[in-house]
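To start, the structure under review is shown below, and the notes come after it.
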Amino acid sequence: VAFESDLVFVGVRRDTLGQQWMTGTFTDFIDGINYIFTHAASVGKPAVVNISWGSQSGAHDGTSLFNQACDNLSGPGKIIVMSAGNDGGELIHLTKTFTPADTVVSSFITFSDTTYMRTWLDAWGEPGKSFCAAISLYDNGVETNTTGFFCADGNSHNLYLISKNGMDTCYVEMNTSSAEINNGRPHIFINVYNKSSDSLVVRYKANDGIIHAWNESYFYGYVKSYSSNFENLGMAGMTSGNTTSTVSEMGSANAVLLIGAYTSNISWKNINGASYSVGAFNNRIAPFSSRGPYIDGRIKPDIAAPGLVVATASSSFDTSYYPSGSSGPYVMTSYNDPTTGKTFYYSQFSGTSASSPMAAGIVALLLQAKHDLQPADVKQLLFETAIVDGHTGNIPAAGNNIWGHGKINAYDALKKLLQQTGAYEYEGKKLDVVLYPNPNNGVFQLDYLGDRNENLIMNVVDLKGSIVASDIWRVNQGYNQRGLNLSNLSKGVYFLKITSASGSVNIKTAIQ
């Protein structure tokens, strides 16, 4: 989006992180964020960090050390943007309000791929209260073995269960805390590897309080993911999970701009001429886009950006994204570099991993216009200019847990910022005009939204007050655009005064 940006890459591979994903510390990511912001400062530039990763490990309340690091590293000209996650259609969240008369919640853990039945179950309670957890094996609706309940008391347990056939094993690692240091919440993390053919059940027990549990996908190596859900499988006494509070825990820091995905395109034709479609989702929220709220009540995501069938450059080293590769159906076009003879491919890509960098590019444009924007400034600009239409429905001022504040609007956000920077001074009616880029090389564009057909008088004035160029712009009611070429002028600061019948604007611009 911000095509003249400098790019800084930091590589993080999930399979090398080990305990970071179980504990939600993500120290490699903290190092990466710090590296980018430090480099940007060394070259005197603002920066936006895009993180197209997500995780459900953690309390989802913004208190983790990783969340705190994101808040502390953010600041003027240092913005972090993250994917909300692709779990909006998955039953990965289980919540329960316990009472003395209703003390247990039970759910089957179902796997999308039963060849490797491994998952992480992360459950958090209320400060000052406690709860317990158990893992059981079931065969045809009958419990065959169980760990029994272990409570959030600060102890760890390594357990195993033998299946009904007496041969296969389910391995269970349970780590507990009576009160996590960052938020005082009781916490039970369960690492399960079921190598049996029996079904897996998790139970949580308490006399009062509320718990929230998440079913985290397990990654085997770098590319293979094994996802799982909470489901009742039609059995009495079992509870299914839900799709609320499925936004990524990683993005729960207050300073982070968390991005959902909507569908700006539903079809494509690949490089071999074959046509494809993802269904009737055009302009709607993407079915996979994760939803809020966080458990402390904050509405998330913050905003939605295009994230389904987004055209993007493919790595020339990834042969799967060649026309004959396994992802060949997604390859849309190519470019041959005449200087090297090398061919580069462009493909369609989907997910909040696509919508997040789209939003990050828009934030980069805002930082180009004003280098010292704070995270709160960026959010306010994007929220106030977001697109709300028949597909989003009415969105409250605080946003909602599907769309956030609506669809991101690059043009209106940038226009609003430019008109707030102090480079624009108005007399009479405030004219809706934008000059960009600013600074420039003497060649720039003017956009004007008029309420009538009229002539606008344009004068370019230097710092001595002399008119160095002038013109008349015939505009129509509605949207108007024209370019100006002042490259014949010396480098320096000038003022473009545009006058209508009802008001004028004086725009400060720098020719470099």
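The values are calculated or read from the model by the stated rules, or taken from the named source; none is laboratory data. Since the model is a prediction, treat every value here as computed from it, not as a measurement. Here the Cβ is made from the backbone with ideal geometry for all residues, glycine too, and neighbour counts use every protein chain on show. The accessibility values were calculated without ligands, DNA or RNA, using every heavy atom of the protein model including side chains. Shrake-Rupley method; radii C 1.70, N 1.55, O 1.52, S 1.80 Å.
Here are the numbers:
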quantity	calculated
Residue match in the stretch 267-288 (condition: buried (at least 24 other Cβ atoms within 10 Å of the Cβ) and in contact with a strand residue (DSSP E or B) (Cβ under 7 Å, 6 or more places away or on another chain))	yes
Number of positions in the stretch 100-132 that are under 27 Å from the mean Cα position of the chain (by Cα) and of a type in the set (Lys, Arg)	1
Tally of residues being within 17 Å of residue 370 (Cβ to Cβ) and either in a helix (DSSP H, G or I) or open to solvent by 60 Å² or more (accessible area, probe 1.4 Å) (or both) across the stretch 405-436	12
Residue, most open to solvent (accessible area, probe 1.4 Å), within the stretch 128-182, restricted to residues that are assigned to a loop (DSSP other than H, G, I, E, B) and charged (D, E, K, R)	164
Selection count, the stretch 265-288, where residues are more than 18 Å from residue 353 (Cβ to Cβ) and at pLDDT 90 or above	12
Number of the exception - residue 191 against (1) part of a strand (DSSP E or B); (2) in contact with a Cys (Cβ under 6 Å, 6 or more places away or on another chain); (3) of a type outside the set (Val, Ile, Thr)	(2)
Residue among 360, 369 that alone is aliphatic (A, V, I, L, M), closer than 16 Å to residue 79 by Cα and modelled with pLDDT under 95	369
